[in-house]
Amino acid sequence: MGPLVTAQAQERVSGYIDAGEAAGATLVVDGREPKVDADGEGFFVGPTLFDHVTTDMSIYTDEIFGPVLSVVRLDTYEEGVRLINDNPYGNGTAIFTNDGGAARQFQNEVKVGMIGINVPVPVPMAYYSFGGWKNSLFGDTHAHGVEGLHFFTRGKVITSRWLDPSHGGLNLGFPQNA
Amino acid sequence: MATTLHHWKSGEIFEGNSGRFSDVTNPATGEITAQLALASEDDVNEVVAAALATFPRWRDTSLTKRTQILFAFRELLNARKKELAAIITSEHGKVLSDAFGEVSRGQEVVEFACGIPHLLKGGFTENASTKVDVHSTRQPLGVVGIISPFNFPAMVPMWFFPIAIAAGNTVVLKPSEKVPTAALWVAELWKEAGLPDGVFNVLNGDKVAVDGLLMHPDVQSISFVGSTPIARYVYETGTTHGKRVQALGGAKNHMLVLPDADLDLAADQAVNAGYGSAGERWPSAISATSWWPRSSSGPSDCGPVTALGAATWGHS
């Protein structure tokens, strides 16, 4: 895998790893000092995995935007859905199960714009629309697909009548259909 | 000496007058590869004016002609997307296969937009009232602004501009100042595909450029992707200035693993989602449950996820 985009991003992500460790999560894989095969001073952070993460930790609450995965252990499906629906973001989510009923219930009750079922990154095809709910999207239309077309166009409705020679007279009432 | 990158206006490079520049780096080596011109308010006004001047002509270009240009762009992009992928890797840092994948997903929106005549068809009602007919149509907005993030230098702009252009709008794209070259490459490709000068323009810059677009009276809409605080700012500022806005913000994407899941699959997919593009594309958390009422399976312990995480580390 490649580096992060800037030195600042590298520092920020490393800071989150420090914070997760200090908060008591189990650091299973530490990417802070990766061995890399690129020349120079690239902005690399290696894959990082935390286990036993709790929802008060910054590695859980914040969008890290780096290669840091957090495992939160739960007892029940309901807790999982509550966690997702309590989150201020609503971009994407995925469920991994072989139970069709569980998947069907999940897709119905999560407050999220894009759902994967045994698919981790459910980015919609071009002819559907990409977009999240809650703090993941401000506005009324998602990107591309028919919603994209609607965003980039305005509707116009034209009502037309081509007059007969017999037409005449004024009517100041609200137009009614006859 | 690093090269200098500017803006793109009316089918050619536009240097602007700001005198302000920022560094573009290669994240894999830390090297500064270019100096990027950051737009002034005057530069914003000039680029928007060019897009506005082109709008009536492009709006009135026939659907047949517009569609032919979209097909030409698609063919050029398909033939040369390795060049674009290499540009993305050099400025963003994602691996080449990942960059190529991003271009391919963007290309799919170009292909969708090639069907624009069908998408723009309206409805028609004959004799709605006696001798009165009603029909509907959809018309382009005018100059549309796109403000895109660093994590997808090609795909995210392509979520928007193919449809915007196909529908008859003219575009001002403000790419992330960290990854500006992809947008300039795309601008040249549009020119080669036969798009009239001034339909697709690139404005490079920072907050001056963003605010310039958000507040400009001749910009009709803003499509934005970035972090939630900035998305909120873009939405509030853009709508206050009378624009249509779609502002996509941040995320924390949960992956819920039930005890009956195929754990090897779930683990592989977690590694893909969490570590691909160095985690700069699909911010993730894994929630594993040990109990689901419909299942009689035993508790899940996330074992394969931790094991695979360790393996990936060893190979990095």
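Leaving out same-chain residues fewer than 8 places away, which lysines sit with a Cα under 19 Å from that of B:Lys191? Hits, sequence-local ones excluded: B:Lys9, B:Lys65, B:Lys81, B:Lys82, B:Lys174.
Size descriptors for the range A:45-119, from the alpha-carbon set: Rg then Dmax equal 13.0, 39 Å. Per the Debye formula on identical point scatterers at the alpha carbon atoms of chain B, with no solvent, log10 I(q)/I(0) at q = 0.12, 0.13, 0.16 Å⁻¹ is -0.87, -0.97, -1.28. Here the convex hull built on the C-alpha positions of the range B:39-90 has a volume of 86 cubic angstrom per residue. Mind checking which lysines have their C-alpha under 16 Å from A:Lys134, skipping anything on the same chain fewer than 8 residues away? Once the sequence-local lysines are set aside, what remains near A:Lys134 is A:Lys111, B:Lys252. Highest-first packing order for the peptide set A:108-114, B:164-170 is B:164-170, A:108-114, based on the mean count of other beta carbon atoms within 10 Å. Annotation: the residues A:Leu83, A:Leu163, A:Leu27, sorted from fewest to most other C-beta atoms within 10 Å of their own C-beta, follow the order A:Leu163, A:Leu27, A:Leu83. Note on chain A: the C-alpha convex hull projects to 19.7 nm² when averaged across all orientations. For the range B:94-160, with equal point scatterers placed on the C-alpha atoms only and solvent neglected, what are the log10 I(q)/I(0) values from the Debye formula at q = 0.18 1/Å, to two decimals? The computed values of log10 I(q)/I(0) come out as -0.81. Within 10 Å of the Cβ of each residue in A:115-123, the mean number of Cβ atoms contributed by other protein chains is 5. Phi angles of the range A:100-107 translate, via the Karplus equation with coefficients 6.51, -1.76, 1.60 and θ = phi - 60°, into HN-Hα couplings of x, x, 5, 5, 5, 5, 4, 5 Hz per residue; Gly and Pro are given as x. Using alpha carbons only, the radius of gyration of the range B:206-294 set against its Kirkwood radius gives Rg/Rh = 1.22. The long axis of helix A:77-86 is offset from the longest Cα principal axis of chain A by roughly 70 degrees. Counting, for every residue in B:218-228, the Cβ atoms of other protein chains within 10 Å of its Cβ and taking the mean gives 3.
The convex hull drawn around the Cα atoms of the range A:100-166, when projected onto a plane and averaged over every direction, covers 8.4 nm².
Helical content alone sets the calculated 222 nm signal of chain B at -15000 deg cm²/dmol, taking -39,500 (n - 2.57) per DSSP H segment of four or more residues and averaging over every residue.
The mean count of C-beta atoms from other chains within 10 Å of the C-beta of residues in B:23-35, rounded to a whole number, is 4.
Distances between placed amide hydrogens fall under 5 Å for A:Leu137 paired with B:Gly249, all partners being 5 or more residues away or on another chain.
Binning the alpha carbon pair distances of the protein assembly as shown at 10 angstrom intervals from zero yields the distribution 4, 19, 27, 23, 15, 8, 3, 1, 0, expressed in whole percent. Rg/Rh for the range B:232-272 (Cα atoms only, Rh after Kirkwood) is 1.39. Here chain B carries DSSP beta bridges of which approximately 35% are antiparallel, counting only pairs with both residues inside. When both bridge partners sit in the range B:20-176, DSSP labels roughly 65% of those beta bridges antiparallel.
Tell me, what is the percent relative contact order of chain B, built from C-alpha pairs under 8 Å that lie six or more residues apart? RCO, chain B: 18 percent. The charge dipole of the protein assembly as shown, taken about its Cα centre with unit charges on the Cβ atoms of Lys, Arg (+1), Asp and Glu (-1) only, comes to about 1900 debye.
Each reported figure results from applying straightforward, stated rules to the coordinates on display, with no laboratory input. Remember, it's a predicted structure, so these values are computed and weren't measured experimentally. A quick note on method: Cβ atoms are made from the backbone with ideal geometry, for glycine too, and the neighbour counts reach across all protein chains shown.
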